[in-house]
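Below is one structure, written out as structure tokens, with a few remarks after it.
The values are calculated or read from the model by the stated rules, or taken from the named source; none is laboratory data. What you see is a predicted model, and the numbers here were worked out from it, not measured in a lab. Positions of Cβ are backbone-derived with ideal geometry, glycine not excepted, and every protein chain shown enters the neighbour counts. Each accessible area value is taken on the protein alone, full model and side chains, heavy atoms only, with ligands, DNA and RNA left out. Shrake-Rupley method; radii C 1.70, N 1.55, O 1.52, S 1.80 Å.
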Amino acid sequence: MKIITLEEHFMNEAIAIASAKAMETLSPSFRAAYSVSNDPTAPELTDIFDLDEKRLAYMDKYGIDMQVLSYTSPGTQLLAPELAVSLAQLSNDEMAAAVQKYPTRFAAFANLPTPDPEAAAKELERAVQQLGFKGVMINGRTNNRTLESPEFDPILATAQSLGVPIYLHPAIPSRVVQDEYYEGFDPIVSTRFATAAMGWHYETGVHAVRMILGGVFDRYPKLQVILGHWGEMLPSYLDRMDDVLSTVANNLTRSVAECFTQNFYVTPSGMFSIPNLQMAMAVLGADRIMFSVDYPYVSASGAREFLDNAPLAPADKHKIAHTNAERLLNL
């Protein structure tokens, strides 16, 4: 069974240096802990810079046929507009070179300079039309604003017109949220509570719901959004949100549940969990689930085994493993 994974990260050294200022958004008591746990020079993360033989060897070892490359969080979302533009182009050119060298092993999502939405729309056009990219990954908020804000309409309109999805990826919660919700424990505990354990999943789920309530999918009904981590908390609360919000969100032409089930896909992001898979199947069905490992943050050692042993019909396994991605991304 062919396996295509969609949340497989890459880092560019110039962007990593420029993004170091993002650490200023963290609470002082766990800034150091976050830096240690996300240090790209750590032995398990050094390969994040590689787009060549090391990555391919890893894929071969664990039976991954193709990675869709994406720039890791925080991307260029936190940079000054001019710097974001130049560095996004640099990272996209680097990913494009890898795709050109290994066209059967790599595809790519564009890294966009969202602090300049007009320039981001132009870069998305370049990435898709000239570089052959298959979509875009956006890492969280830009200037503390989420994608339903009208200023980002050029990006959304361009994605819809090009027929490519937006992968909405977690990023660091705001300083206020960190201080109010996650502070007060051992620094490494607070850090992981605010990020990988829970915080950035709620953050991304809220971002997605804001897009729905903000009318994004009325303005752009064909736009498709991908959420990792089995939908960033939303599938388990979809019925509740639909009951409570759809009756009062009079600006929407479709219910919250309709928007979610018609405009969103989910991937596991290396959370190889049967209960989460079953929830996603119940809410979205096999046609709206794709596969991801979250390389190099999560090991791919159990990826193929998870799909092979999942309690699914063979046809549904193939949809999740590769055919949904091939259809959505035109691979």
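Some values worked out for this structure:
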read-out: Cross-link pairs LYS54/LYS319; LYS122/LYS222; LYS54/LYS222 - those with Cα-Cα distance over 26 Å; value: LYS54/LYS319; LYS54/LYS222
read-out: Simple Cβ-charge dipole of the stretch 123-256, Lys/Arg +1 and Asp/Glu -1, about Cα centre, in debye nearest 20; value: 380 debye
read-out: Candidates ALA171, ALA257, ALA107: whichever shows maximal mean-square fluctuation once the chain is modelled as a Gaussian network with Cα springs under 10 Å; value: ALA257
read-out: Simple label model, 7 Å out from Cα along Cβ direction - SER174 to LEU331, nm; value: 3.7 nm
read-out: Dipole of the stretch 132-196 [Lys/Arg +1, Asp/Glu -1 at C-beta], most positive-end residue of ALA159, THR191, ILE172; value: ALA159
read-out: Cα-based Kirkwood hydrodynamic radius, the stretch 56-157, one decimal, Å; value: 14.0 Å
read-out: Among LYS61, LYS222, LYS319, residue whose mean-square fluctuation peaks in a GNM of the chain (springs only between Cα atoms under 10 Å); value: LYS61
read-out: Under 15 Å from LYS2, Cα to Cα: aspartates and glutamates that are on another chain or at least 8 residues apart; value: ASP60, ASP65, GLU305, ASP308, ASP316, GLU326
read-out: Whole-number D in µm²/s for the stretch 71-228 (Stokes-Einstein; Kirkwood sum over Cα pairs; 25 °C, 0.890 mPa s); value: 152 µm²/s
read-out: Check: the chain dipole with +1 on Lys, Arg Cβ and -1 on Asp, Glu Cβ, in debye; value: 540 debye
read-out: Isotropic mean projected area of the C-alpha convex hull, the stretch 181-331 (nm²); value: 10.4 nm²
read-out: Accessible area in square angstrom per residue, the chain, 1.4 angstrom probe; value: 41 Å²
read-out: Magnitude of the charge dipole, the stretch 124-168, Cβ model with Lys/Arg +1 and Asp/Glu -1, debye to 20; value: 160 debye
read-out: Of the DSSP H helices in the chain, those whose Cα atoms cover at least 20 Å axially and whose Kyte score averages -0.5 or more; value: 81-101, 199-213
read-out: Principal axis box of the stretch 277-331, alpha-carbon based, largest edge first, Å; value: 27, 26, 19
read-out: Largest-first principal axis extents of the Cα set of the chain (Å); value: 50, 47, 43
read-out: DSSP bridge orientation in the chain - percent antiparallel, rounded to nearest 5; value: 5 percent
read-out: Over the stretch 122-173, equivalent-ellipsoid semi-axes from the Cα gyration tensor in Å; value: 20, 13, 9
read-out: The chain: most fluctuating residue of TYR181, TYR58, TYR102 per GNM, C-alpha cutoff 10 Å; value: TYR181
